[in-house]
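Every number in this text was worked out from the coordinates using simple rules, so none of it is lab data. Being a predicted model, the structure only gives us computed values, none of them experimental. Note that each Cβ is placed from the backbone with ideal geometry, even for glycine, and that neighbours are counted across all protein chains shown.
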């Protein structure tokens, strides 16, 4: 018991030392060039479409430099006109009204920036829709890659041969159940520093123990059928989940979107991936200059990074549990040690001080308390799921 308290005191002290002794590490960039970065995929989904405009930033900057106050429009060869307005909360340009890409129509993106520069994409046509044939999960064991878990796989076929290039995105949603739900909200009142005393006020509440977390794919996931005998995507891996992954602990769902690409879009993304496979499709610090389908109207030599894509998309969702594959229950997201502290002990170690500090400054939750001053506490991530997730059950969720 004493060793646990001493350990907690050491951890708290070390964290304070780290916060007090950290010095900034500065990186200087050389030859920085501000280049317009354009990201947009218009799809056949009826929705408000999105265009993202930003500028490359110096290496020492981690922030996204959004291009503000631009005039953004998508025009078509049959007289269609769709204006995009900037949402200043997200920095994105969103179409004023919902629309969907239509077959046999040419689309072009036109941008006028605040400094008077004009940019235009080439005319782009949507390829035919190809539904995802199958979305499924299989156990995979690969000793060479140290894999033992589940792989989410896609099968797709276009017998007409119109679609040969495919890009994938996914949303994974998983259920979270905390191991030590707290039935109390806690407050420290009547604090007196010397001799130290205070009151722990526990108010009953409904434990926040079940939540749902959604995460989105990053990077570039794409494949082609051009080197295959048949125009089939067979068992293409979308996502690997280790049997020890905490996301797999309760219930897991994944939504996969399949985009049918043009050869130009596929090639552009392949160059981006070869340059670095960064988490952002268009990294601000990208080492190299991939040529897309957007050019400056006023200066043919001006660099523009980006690709305006019009793509048909289809999607599928599946659910599964670790039991479906014969696995044992994965561990929680972190170790959850419960500390038992006695308010009456205020010498060495000072359990009274640890109790107050842990609750006030580190968010520890009380999972049990008694009139004789004995409290059990645990880290908030182990007790209140809304500390890092959402307790709103998604409309699509199936238990």
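Below is a table of values for the structure above.
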quantity	calculated
Choice from 241, 141, 377 with maximal GNM fluctuation in the chain (Cα, 10 Å cutoff)	141
Peptide ranges 246-253, 44-51, 344-351 listed from the most packed, as the mean C-beta count within 10 angstrom indicates	246-253, 44-51, 344-351
Share, in percent, of DSSP beta bridges within the chain that are antiparallel, nearest 5	90
Computed lengthening from residue 214 to residue 141, 0.36 nm per intervening residue step minus Cα-Cα distance	23.7 nm
Extension reserve of the residue 185-residue 387 stretch, reckoned as 0.36 nm per residue once the Cα distance is removed	71.4 nm
Relative pair counts by distance (%), Cα atoms of region 94-196, 10 Å bins	8, 18, 20, 16, 16, 12, 6, 3, 0
Nearest 10 degrees, 0 to 90: helix 351-362 Cα axis against the chain principal axis	20
Kirkwood Rh (inverse of mean 1/r, distinct Cα pairs), the chain, angstrom	25.3
Three principal axis lengths of region 35-106 [C-alpha, angstrom, descending]	45, 22, 20
Degrees between helix 263-275 axis and first principal axis of the chain (Cα, 0 to 90, nearest 10)	40
Modelled FRET efficiency - R0 30 Å, residue 97 with residue 227, Cβ distances, 0.05 increments	0.10
Burial order of peptide ranges 384-390, 158-164 (average beta-carbon count within 10 Å, highest first)	384-390, 158-164
Mean separation of Cα contacts under 8 Å (6+ apart) over length of the chain, as relative contact order %	19
Per-residue Cβ neighbour rank within 10 angstrom, fewest leading, 182, 312	312, 182
Linear extension gain, residue 33 paired with residue 47, 0.36 nm per residue minus alpha-carbon span	1.6 nm
Ranked list, fewest to most other Cβ atoms within 10 Å of each Cβ, for 119, 184	184, 119
Helix-only [θ]222 nm of the chain, DSSP H runs n ≥ 4, -39500 (n - 2.57) each, per residue, nearest 500	-3500 deg cm²/dmol
Cα centroid separation - region 72-149 against region 182-209, whole Å	51
Bins of 10 Å from zero: percent of alpha-carbon pairs in region 308-399	12, 28, 23, 17, 12, 5, 3
Residue order, fewest to most beta carbons within 10 Å, for 189, 90	189, 90
Cα long-axis angle, helix 2-21 against the chain (0 to 90 degrees, to the nearest 10)	50
